[in-house]
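What follows is a short report on a single structure.
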Amino acid sequence: MLDAHAPARWQSLRPDLVTPNAEEAAALLDTSVGTDRAGSFVDHRAELMARTGAGAVVVTLDKDGTVLLVDGKPAHRTWAVAVPENRCAGAGDTFVAALTAAVLDAMPLTGAVEFAQAAADVVLRSPGTSVCRCPELRARLGGEGSGVLSRDQFVATVRRERASGARVVFTNGCFDVLHAGHIACLNEAKNLGDILVVAVNSDSSVRSLKGPERPVNTAGDRCAVLAALSCVDHVTVFDEDTPAELLRATEPQLYVKGGDYSPEMLPETAVVTEYGGQVRVLDYLADHSTTTMIDRIRGRVGER
């Protein structure tokens, strides 16, 4: 792993991972970087990887979080907590230190950058120069003070976000075993607005939809994992088969679902259209589904 002001100088070493900041990454490119810095770096992924010789690039974007670029895989964003500039001291060093620890522990890169962002967020929440200590990091990753809300809190929070002028993106699902397809969709959804809110099917709702052997993970665990993702701002649980009533109560500007659906297939489309919102179907990431993953795991256990 390489963290250097001029990563191109180390190209011949073929590092596994480089972590330039936005200014350093821009200096590697011949073209200018637009206002959508993350999008610009995603567009120039091949050039960044070629000029650094790296297998993966994480560009740190200060207040805009980070973007992870790996050849052949969807780009992965993290989002930093919004804080005043005087609270940013040390966050970049904390991010790189935590990322290094996670990579050395063989954590998958998407998980590693989320872990590192959580550590940086701990520092960002403290005034002045600070360090991330284990108790605070455990609390951040364990859901304490996270975005998991009761139904009433969720409705009030979404209404408040909309009233403040934020563009709210709403999605829902079981999220029983979180996988790469979920992560890609959630990242894409976050990119479409300012606030991403997620409604999670309750355990009884999952059983109604998926059968008596589901869910594998309880609603509390599923919500905690989602809330730990930097792209997710608020999470709640709903008991119905669809989130139609929550949509009516919150009226988010954008309702999104994964690419294995179409707007015509969604019973929620009529509700969203009625109050003037938009429905968007996200890109489909093939060969990623919770059911397939569970079947594969059970098959391997049965072979032993």
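The values are calculated or read from the model by the stated rules, or taken from the named source; none is laboratory data. Only a predicted model underlies this, so the values are computations on that prediction, with no experimental measurement involved. We place every Cβ from the backbone using ideal geometry, glycine too, and count neighbours over all the protein chains shown.
Residues checked against (1) within 17 Å of L109 (Cα to Cα); (2) part of a strand (DSSP E or B):
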{"position": "A27", "(1), (2)": "no, no"}
{"position": "T35", "(1), (2)": "no, no"}
{"position": "A38", "(1), (2)": "no, no"}
{"position": "V42", "(1), (2)": "yes, no"}
{"position": "E47", "(1), (2)": "no, no"}
{"position": "A54", "(1), (2)": "yes, no"}
{"position": "V57", "(1), (2)": "yes, yes"}
{"position": "K63", "(1), (2)": "no, no"}
{"position": "V96", "(1), (2)": "yes, no"}
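Taking the condition surrounded by 18 or more Cβ atoms within 10 Å (Cβ to Cβ) and either of a type in the set (V, I, T) or within 19 Å of T157 (Cβ to Cβ) (or both), does P215 pass? Criteria not met by P215. A106 satisfies every condition listed in (1) touching a Cys at 6+ places or on another chain (Cβ under 9 Å); (2) without any contact (Cβ under 8 Å) to a residue 24 or more places away in the chain except (1).
Just so you know, in region 240-267 the residues that are charged (D, E, K, R) and modelled with pLDDT under 95 include one that is farthest from the chain's Cα centre (by Cα), and it is E264. Take R133 and decide whether it is of a type in the set (D, E, K, R), free of Cβ contacts under 8 Å to residues at least 40 places away in the same chain, over 20 Å from E268 (Cα atoms) and not assigned by TED's automatic domain parsing to the domain that holds S208. Criteria met by R133. Selection of first residues in region 63-75 that are within 15 Å of E188 (Cβ to Cβ) and crowded, with 19+ Cβ neighbours inside 10 Å and of second residues that are among the acidic types (D, E) and modelled with pLDDT under 90, restricted to Cβ pairs under 9 Å at least 6 apart or on distinct chains, gives the following pairs, ordered by first then second residue: P74/D283. Does V177 fit the bill of being out of contact with any Phe, Trp or Tyr (no Cβ under 6 Å at 6 or more places or on another chain), at pLDDT 90 or above and on the phi < 0 side of the Ramachandran plot? When the stated conditions are applied, V177 does not pass them. Taken as a whole, the structure places G165 among residues that are in a loop (DSSP other than H, G, I, E, B), out of contact with any strand residue (DSSP E or B) (no Cβ under 7 Å at 6 or more places or on another chain), of a type in the set (G, A, S) and surrounded by fewer than 23 Cβ atoms within 10 Å (Cβ to Cβ).
Quick check: is even one residue across region 185-208 in a helix (DSSP H, G or I), modelled with pLDDT under 90 and either hydrophobic (A, V, I, L, M, F, W, C) or under 22 Å from D36 (Cα atoms) (or both)? Within region 185-208, not a single residue is in a helix (DSSP H, G or I), modelled with pLDDT under 90 and either hydrophobic (A, V, I, L, M, F, W, C) or under 22 Å from D36 (Cα atoms) (or both).
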